[in-house]
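First comes the structure, then the notes that go with it.
The values are calculated or read from the model by the stated rules, or taken from the named source; none is laboratory data. Bear in mind the structure is a predicted one, so any value in this text is a computation, not a measurement. Please note: Cβ atoms are built from the backbone with ideal geometry, for glycine as well, and neighbour counts cover all protein chains shown.
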Amino acid sequence: MAASSSSAVATAAPAFDTSVAKVVLSKPGQRFPTPSPGAGDRVFYESLYRERPSSEMAMVWCVEHGVFQGDEAMTAFKEYARWKTRARK
């Protein structure tokens, strides 16, 4: 059988939505989008940080997810950077 004429070629729609805005991670040390205040993992790590401010696990998660605000974010980032450089040695 012969193939149909190529004059009626349909154009394919893009596989993804190009109008979606890119997420801006604006806090120091932030690597992931900030979860909503009711998200289970955010509640866990925030409460862990409040109960044990020396918890490296809580500090790293909160900094990388942009949970801290203002001056607290900068202070936490400095501590985070110090832990990261110490871990690389």
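Residues that are farther than 23 Å from Pro37 by Cβ and among the aliphatic types (A, V, I, L, M) within the range 66-89 comprise Ala81, Ala87, listed in sequence order.
Selection over the range 35-89 of residues that are among the hydrophobic types (A, V, I, L, M, F, W, C), in contact (Cβ under 8 Å) with a residue 40 or more places away in the chain and closer than 19 Å to Val24 by Cα gives a count of 4. Look at Leu25 and say whether it is aliphatic (A, V, I, L, M) and at pLDDT 95 or above. Criteria not met by Leu25.
Quick grid of which residues meet (1) of a type in the set (S, T, N, Q); (2) part of a helix (DSSP H, G or I); (3) surrounded by fewer than 16 Cβ atoms within 10 Å (Cβ to Cβ):
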residue: Gln30; (1), (2), (3): yes, no, no
residue: Pro33; (1), (2), (3): no, no, yes
residue: Pro37; (1), (2), (3): no, no, yes
residue: Leu48; (1), (2), (3): no, yes, no
residue: Ser54; (1), (2), (3): yes, no, yes
residue: Cys62; (1), (2), (3): no, yes, no
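Of all the residues in the range 67-89, those that are over 19 Å from Tyr45 (Cβ atoms) and assigned to a loop (DSSP other than H, G, I, E, B) number 1. Answer yes or no: is there a residue in the range 4-16 that is in a loop (DSSP other than H, G, I, E, B), of a type outside the set (D, E, K, R) and at pLDDT 90 or above. The answer is no, given that none of the residues of the range 4-16 is in a loop (DSSP other than H, G, I, E, B), of a type outside the set (D, E, K, R) and at pLDDT 90 or above.
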